[in-house]
1. Around residue 353, what is the net charge, scoring Lys/Arg as +1 and Asp/Glu as -1 over all other residues with Cβ under 13 Å from its Cβ?
2. How much accessible area per residue does the range 106-169 have, counting only protein heavy atoms and a probe of 1.4 Å, in square angstrom?
3. When the Karplus curve 6.51 cos²θ - 1.76 cosθ + 1.60 is applied with θ = phi - 60°, which whole-Hz ³J(HN,Hα) does each residue of the range 138-143 get, with x for Gly and Pro?
4. Please give me, ordered by residue number, the GluC sites (Glu not before Pro) of the range 394-437 that lie in loop per DSSP and have at most 15 other Cβ atoms within 10 Å.
5. Nearest 0.05, what FRET efficiency do residue 445 and residue 523 give at R0 = 22 Å with Cβ-Cβ as r?
6. By accessible area of protein heavy atoms, probe 1.4 Å, what ranking do 384, 460 get, highest first?
7. Computing the accessible area with a 1.4 Å probe over protein heavy atoms, can you report the carbon and sulfur percentage for the range 90-146?
8. Could you tell me the calculated FRET efficiency between residue 161 and residue 460, based on Cβ-Cβ distance and R0 = 56 angstrom, to the nearest 0.05?
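The values are calculated or read from the model by the stated rules, or taken from the named source; none is laboratory data. Keep in mind it's a predicted model, so treat the numbers as computed, not measured. Cβ placement follows ideal geometry from the backbone for every residue including glycine, while neighbour counts extend to all protein chains displayed. Just so you know, the surface numbers come from the protein's heavy atoms only, side chains and all, with ligands and any DNA or RNA stripped out. Shrake-Rupley method; radii C 1.70, N 1.55, O 1.52, S 1.80 Å.
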Amino acid sequence: MENTEPAPVHSPILQRYYKPTSPRRINELPTELLVNVLVLAADVEEPIGFRPFPKHTRLLKCRREYVTRIMLVCRYWRELALSTSQFWSAIFIEEYHEPRVVSRLLRRSKAAKLRVYMLLTSPMVLQAVVAHAHRLEELHVSVKKADLLSMVTYMDFAAPHLRHLSLCLPDLDPSGVGEDLTPLFMSSIGMLKTLHLMPFPGLMPHGYCTRLTHLRLSNQHALGGIDLNELLDLLEANPALEEIDFDGVAPFRDMHPIDRPPVSLRNLRLMVLKHYAWNELSLFLNHVGLSEDTHLLICDAEEVGESLDASFPFDVSHLENMCGVTKLMISYTAEGVFQLMAIGDGDRSSVWYDTGNAFQEIVIPEASIHFATLRSLSRVFVVEQLTELWIAFPDDMETPPACRWWDVLWPMQSLEKLRLILRDPGEVIGSLTAGARNWNFCCPSLLHLGISDDGSLFLEPIERLLRTRRRYGFPLLSLWLMFLAGPDVPKAHMWEIDRLKRLAPSVVGKVRLKFGQDCPMMSMPPIYEERLNEEFNLELYY
């Protein structure tokens, strides 16, 4: 126990201003209880989990700074920190740490399981890990300007308790590809759960890892491609996979389909594919089978074909997450981002397709990928079971005529909610009114309609739509009008809106009319909410 009695002050000047501090009551707690309190406080931050390393190191630095602050409180707390192995079981090593410092930090962890995160300029520091490799539970290493031969040489140790491994070699020399990790290391990692390799040829643990639940492979472009069979073999050997993140794992050396059945990934919950061209996406998705509980996230899609369906195989029956889609959102921004989100019933599954800035410098002609994608939806999704459709296109896009909208919307017999942000939604309104005399209504189940208005929308077709659908037994329950009010909106238009508000229920039915400038958003699955911006650098553009 620390001596809490204040030291005597002999200087008369200091005695005038000196006030002894009261004893620290927390130090009167039993040592074991105080240690538990401090350790729990060190772990209040959320764990690193499967976040990309070394991109996210903030939590690691916070933990290290916390331990340092504990040691600066008093001599007693310093002794507790140095003798408590839990404080040193997670170690963050940066470029300036010397091997002897690393060894000292590892010795402080005593017999505890180790989580080691290393940002290195040379793999030599890995020598300090050899004596403690049998305690490694997590090993995350990022080495700049590394060659495979040196990396392999310094990883000649066994790690039988290793569960999580990251090897990031961003500046790897392609000429060195072909080396394998040492047999001693490879044969000891049979219990591995998560694996992140950047890049991965020459480091692939063929035949050794069969219990993976999380797999991340990235930065493949610089090394000249990957054999698709090799990649599928790795997936097939790990049927327990729950998350897959492939970033730049392309191009494939052979772009022809392989004569083998799709690899079934029944336990997969999230598959992320980044920086793929449309033909690469179609080829890869043709050879994997996804369950109805899988979320498929396609980020920064490159070289999108004439329509979205070109990025998917002709037969999508083995992609069960796409067969269960009930809500669909399609948007294209003025900044050149094309985005599609398809969500299954109960948010169990989804497909998110995002081009990033793929179209930023490309002039998209009218009726190209926008409307071509709408027309091809029935090939990719079961549109007959859609209950929600959200569409947002830029102001400079010409709106197709009502007959073409009819072709898109007529199969959607279960559609209940339709939201449109278009330059001229009048053509869509016309398609929803057409066919009344023949009782061949488009979207007969439609209950909620939302449309945008910049001041140029004619309100007479809206009134006709409300009257007609009520008359023939298909009334709307709500009409939402996003009115983009501004100084250029003619007053006559404002009077028309007031007249629409005063329509009698006997004329249009008990429809709720909503007016405002707030644009509602389609809710996204919870799996994206916490990771969307930080991990995937995405946002919803509708």
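1. Value of the local net charge: -3.
2. Per-residue value: 39 Å².
3. Taking θ as phi minus 60°, the curve returns 9, 9, 10, 10, 10, 10 Hz for the range 138-143.
4. Of the GluC sites (Glu not before Pro), the ones in loops of the range 394-437 whose Cβ has at most 15 other Cβ atoms within 10 Å are 398.
5. 0.60
6. Per-residue accessible area, sorted high to low, gives 460, 384.
7. Exposed carbon and sulfur together represent 54 percent of the surface.
8. Step by step, r from the Cβ atoms, then E = 0.15.
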